[in-house]
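As structure tokens, the structure follows; a few thoughts come after it.
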Amino acid sequence: MLKQRILTAAWLIPLALFGLFGLDGEGFRLFTAAVVLLAAWEWANLAGIAAPGRRLLVVASLAGLLALCWASGAVLSTWPLWLGALGWLVNLYWVTGYPARLAQWGATGMRLAMGLWVLLPTWVGFSVLRESGAVWLLFVLLLVWGADIGAYFVGRALGRHKLAPRVSPGKTWEGVAGGLMVTALLAIVFASWQSLGVAGGLMLMLATAVVTLVSVLGDLLESMLKRHRGIKDSSQLLPGHGGVLDRVDSLTAAVPLFALLSGWLL
């Protein structure tokens, strides 16, 4: 398993870095669209659709919506980001009420709708951030990774109080606090690097705290869907690492929200 993880990481990391920072404009949008459509293939399974043909239909439908957004210019608009923000409020309501509120979202159609307000804003959020320059795209990626690292180590060392035991038993409030500390330091570094000043730095720290918390929700949402579906990984598309959604679940929440907030920050 370790060898497989290393081999996958050996080609996946350079590919991701090239796609995210080596491409821009149409090339970047095509790259991120491909990632989102792979995630849609997995989401169809999380929604309860196992047949490959029906899953391909879900992917094709989302591809059509992405193309429509691209052609209409909505790929750089804020309305898909607002859709995502509102959708994540609904997701929060369902995650915090699991399993009592399962009947509200358990139907396949509702889980597919959930995927729409998660995946479409993610693609638009990536495009908006890349259009503003690679710096803030780098920031939100480091934010998510830093939150994960801080939560992992602090949670292991100090974790006592469970965050959402029925959804993800391993997560603790102490881990969340550890993630917030790491991302707060990251915000200070970037505020200084970008010369945001005191007011701009404080706004960035506030936005960072909110996005960090929302990134945790992204992880919890996928965990809830996998638990309901009875699967460990979203797929085996990335040998040794599970599926695409397993790698980008936190980003699906963090990217569109930070892209929305960036309108006030940048």
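The values are calculated or read from the model by the stated rules, or taken from the named source; none is laboratory data. Computed from a prediction, not measured in an experiment: that's the story for all the values here. Glycine gets a Cβ as well: all are built from the backbone with ideal geometry, and neighbour counts include every protein chain shown.
Taken over segment 99-148, residues that are within 17 Å of the chain's Cα centre (by Cα) and surrounded by 15 or more Cβ atoms within 10 Å (Cβ to Cβ) amount to 32. Here Ala151 clears all of (1) over 27 Å from Gln236 (Cβ atoms); (2) in contact with a Lys or Arg (Cβ under 9 Å, 6 or more places away or on another chain); (3) aliphatic (A, V, I, L, M) except the condition numbered (1). Determine whether Ile188 is outside any strand (DSSP E or B) and in contact (Cβ under 8 Å) with a residue 40 or more places away in the chain. When the stated conditions are applied, Ile188 does not pass them. For segment 211-266: of the residues being assigned to a helix (DSSP H, G or I), modelled with pLDDT under 95 and touching a Phe, Trp or Tyr at 6+ places or on another chain (Cβ under 9 Å), which is surrounded by the most Cβ atoms within 10 Å (Cβ to Cβ)? Going through the qualifying residues, I end up with Ser262. Scanning segment 49-96 for residues that are part of a loop (DSSP other than H, G, I, E, B) and either more than 30 Å from Ala164 (Cα to Cα) or under 21 Å from the mean Cα position of the chain (by Cα) (or both) turns up Ala51, Gly73, Ser77, Thr78.
For segment 21-40, the tally of residues that are touching a residue at least 24 places away in the same chain (Cβ under 8 Å), assigned to a helix (DSSP H, G or I), within 14 Å of Val124 (Cα to Cα) and not aromatic (Phe, Trp, Tyr) stands at 6.
When the residues of segment 16-58 are filtered to those that are aromatic (Phe, Trp, Tyr) and more than 23 Å from Ser234 (Cα to Cα), the one that is surrounded by the most Cβ atoms within 10 Å (Cβ to Cβ) is Phe28. Restricting attention to segment 214-266, the residues being farther than 30 Å from Leu202 by Cα, among the charged types (D, E, K, R) and in contact with a helix residue (DSSP H, G or I) (Cβ under 6 Å, 6 or more places away or on another chain) number 3. Here Gly178, Gly200 are screened, and the one residue that is in a helix (DSSP H, G or I), in contact with a helix residue (DSSP H, G or I) (Cβ under 6 Å, 6 or more places away or on another chain) and at negative phi is Gly178.
Among the residues of segment 134-188, the ones that are more than 30 Å from Leu23 (Cβ to Cβ) and among the polar types (S, T, N, Q) come to 2 in all. Taking residues in segment 59-74 that are among the β-branched types (Val, Ile, Thr), and partners anywhere that are part of a helix (DSSP H, G or I) and buried (at least 16 other Cβ atoms within 10 Å of the Cβ), the pairs with Cβ atoms closer than 6 Å and at least 6 places apart or on different chains are Val59/Leu37; Val59/Ala40; Val59/Trp41. All conditions but one from (1) within 23 Å of Ala63 (Cα to Cα); (2) at pLDDT below 95 apply to Leu120; the one that does not is (2).
Taking the criterion of being surrounded by fewer than 17 Cβ atoms within 10 Å (Cβ to Cβ), among the aliphatic types (A, V, I, L, M) and modelled with pLDDT under 95, would at least one residue in segment 150-172 satisfy it? No, because not a single residue in segment 150-172 is surrounded by fewer than 17 Cβ atoms within 10 Å (Cβ to Cβ), among the aliphatic types (A, V, I, L, M) and modelled with pLDDT under 95.
Looking at segment 160-184, which of the residues that are of a type in the set (A, V, I, L, M, F, W, C) and in contact (Cβ under 8 Å) with a residue 40 or more places away in the chain is farthest from Leu202 (Cα to Cα)? Here the answer is Val167. Of all residues being among the polar types (S, T, N, Q) and within 17 Å of Ala113 (Cβ to Cβ) in segment 59-94, which is surrounded by the fewest Cβ atoms within 10 Å (Cβ to Cβ)? Just the residue, please. Going through the qualifying residues, I end up with Ser61.
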